[in-house]
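Trainee: Input: one structure, supplied below.
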Amino acid sequence: MTGRIRRGNLDLVLEPGETALEGLLRGGAAVPSSCRAGACQACMLRAVSGDPGPLAQQGLAPALREQGWFLSCMSRPTGELVIEEGPPPAIGASIAAVTEIGPAIVRVRLEPDEDLSYRPGQYVQLIQGDQVRAYSLASSPAEGRALELHVRVHRQGRMSRWLAAAEPGTRVGLRGPAGACFYTEGRPEQPLLLVGTGTGLAPLRGIVHDARRRGHTGPIALIHGARDAAGFYLVDELKGMVDGPGNFRYVRCAMSGEPSEELEIGDLTQVTLRLFPSLKGWRVFLCGSPDRVNALKKQCFLRGAGLKDISADAFLTAEMPPPVRARARGA
């Protein structure tokens with residue numbers, strides 16, 4: 001049965017195989033979107049009546065599902081779907097500072113208009129005009145109201161290039177937080193392994209600081225992967241944590257270059273498994289590119305980590321809609 005959508009003055013019948021997002025855009029509706037794969041949540045809308053379809057609410061918090069929110073890029077309704085006018089609620093924020101912290105990587109500090117309740121490792125949607133992108137939070141509410149994002153500046157990236165050139169005081173919108181990749185209390189002695197590529201370091205940094213602040217006593221190991229030695233950032237900060245209190249290990253892994261006492265060379269997955277051949281009883285956090293995250297998740301499970309103890313956050317640039325469930329990032 002062909003679906004039908006009503007939103008304000010718009011009343012249209014979906015074409016065969018067409019998603020609600022595709023139909024709305026065809027009808028001239030202004031709906032923000034990015035990954036179009038059910039990951040970034042930029043295209044979230046609220047159904048007043050009707051069923052958006054079984055896939056349209058996967059990954060959303062129960063409270064959002066109960067209120068009728070759904071992902072329009074994953075919605076293929078078979079009956080009439082009445083959608084509320086207007087985008088999901090957002091809060092305002094000002095860009096406080098933009099600083100370069102690595103090759104083509106900038107730290108963006110935001111001052112939201114109101115306190116944002118979140119856990120380090122979650123992500124927010126940043127809104128600028130008709131653009132919506134998801135970025136992980138490297139900061140912690142314990143550090144104050146300000147939010148910290150790590151943004152890779154892509155050559156063709158509309159949002160990332162705009163952010164890199166943004167002046168202090170520039171206004172943006174925020175939605176969120178979202179995501180379940182964060183530290184949970186209850187087993188302070190459990191060893192933690194965190195592995196990330198590129199700006200996948202951002203949520204992992206936040207998780208490490210949060211775990212230590214909450215009194216985690218077990219060993220914590222952080223492995224950061226990059227193409228070469230020039231791709232690492234926040235090195236001094238993380239090396240300083242090794243010398244500080246607690247049992248913290250920091251490993252850099254590059255695909256190419258000369259190995260040293262501080263630098264592993266090789267495939268990130270293979271290096272991780274060589275350094276940690278048994279992960280039984282470990283809690284694992286994985287962040288970065290979808291192919292790397294999926295490969296690591298499988299291997300960590302095979303090495304003994306329970307599925308409930310593996311938190312994975314895969315993301316990619318907006319120009320590359322993925323076949324896996326990942327969220328669009330940073331373009």
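Trainee: State the percentage of accessible surface on the range 1-123 attributable to carbon and sulfur atoms; use a 1.4 Å probe and exclude ligands, DNA and RNA.
Mentor: That fraction is 48 percent.
Trainee: Moving to a separate point now. Which distance in Å, rounded to a whole number, links the C-alpha centroids of the range 148-162 and the range 194-251?
Mentor: Each part reduced to its Cα centre gives a spacing of 22 Å.
Trainee: For labels at Lys308 and Ser49 in the simple 7 Å Cα→Cβ model, what's the distance in nm?
Mentor: Taking the simple label geometry, Lys308 and Ser49 are separated by 4.2 nm.
Trainee: May I pose another question? Taking R0 as 25 Å, what FRET efficiency do you get between Asp291 and Ala104 from their Cβ-Cβ distance, rounded to the nearest 0.05?
Mentor: 0.75
Trainee: Here is a follow-up. Work out, in µm²/s and without decimals, the Stokes-Einstein translational diffusion coefficient of the range 192-314 at 25 °C, 0.890 mPa s, Rh from Kirkwood over C-alpha pairs.
Mentor: 170
Trainee: Now for a different question. Once the piece of chain linking Ser94 and Glu262 is laid out straight, how much longer is it, given 0.36 nm per residue of separation minus the C-alpha distance between them?
Mentor: Taking 0.36 nm per residue and subtracting the Cα distance, the gain is 56.7 nm.
Trainee: Okay, moving on. Towards the positive end of the charge dipole of the range 204-305, with charges on Cβ (+1 Lys, Arg; -1 Asp, Glu), say which of Gln270, Ala229, Ala254 has the farthest Cα.
Mentor: Gln270
Trainee: Further question: Rounded to the nearest 5, what % of the DSSP beta bridges within the chain are antiparallel ones?
Mentor: Of the beta bridges lying entirely in the chain, close to 55 percent run antiparallel.
Trainee: Mind checking the dipole of the chain: about its Cα centre, +1 per Lys or Arg Cβ, -1 per Asp or Glu Cβ, Debye to the nearest 20?
Mentor: Using only the charged Cβ atoms, the result is roughly 540 debye.
Trainee: Given R₀ = 56 Å, what would the calculated FRET efficiency be for Asn247 paired with Asp11, taking r from the Cβ atoms and rounding to 0.05?
Mentor: 0.35
Trainee: Once Lys and Arg get +1 and Asp and Glu get -1 on their Cβ, which of Thr99, Ser140, Met159 lies farthest toward the positive end of the dipole of the range 91-178?
Mentor: Positive-most Cα among the choices belongs to Met159.
Trainee: Quick check on the chain: helices-only [θ] at 222 nm, where DSSP H runs of length 4 and up contribute -39,500 (n - 2.57) each and the sum goes over total residues. Nearest 500, please.
Mentor: Rounded to the nearest 500, the figure is -5500 deg cm²/dmol.
Trainee: Placing unit charges on C-beta atoms (Lys and Arg positive, Asp and Glu negative, everything else neutral), compute the dipole magnitude of the range 1-44 about its Cα centre in debye, rounded to 20.
Mentor: 100
Trainee: Counting only other residues whose beta carbon sits under 15 Å from that of Gly129, what net charge do I get with K and R as +1, D and E as -1?
Mentor: Value of the local net charge: +4.
The values are calculated or read from the model by the stated rules, or taken from the named source; none is laboratory data. Bear in mind the structure is a predicted one, so any value in this text is a computation, not a measurement. So basically every Cβ, Gly included, is an ideal-geometry build from the backbone, and we count neighbours across all protein chains shown. Note: accessible area is taken over every heavy atom of the protein model, side chains too, but ligands, DNA and RNA are not part of it. Shrake-Rupley method; radii C 1.70, N 1.55, O 1.52, S 1.80 Å.
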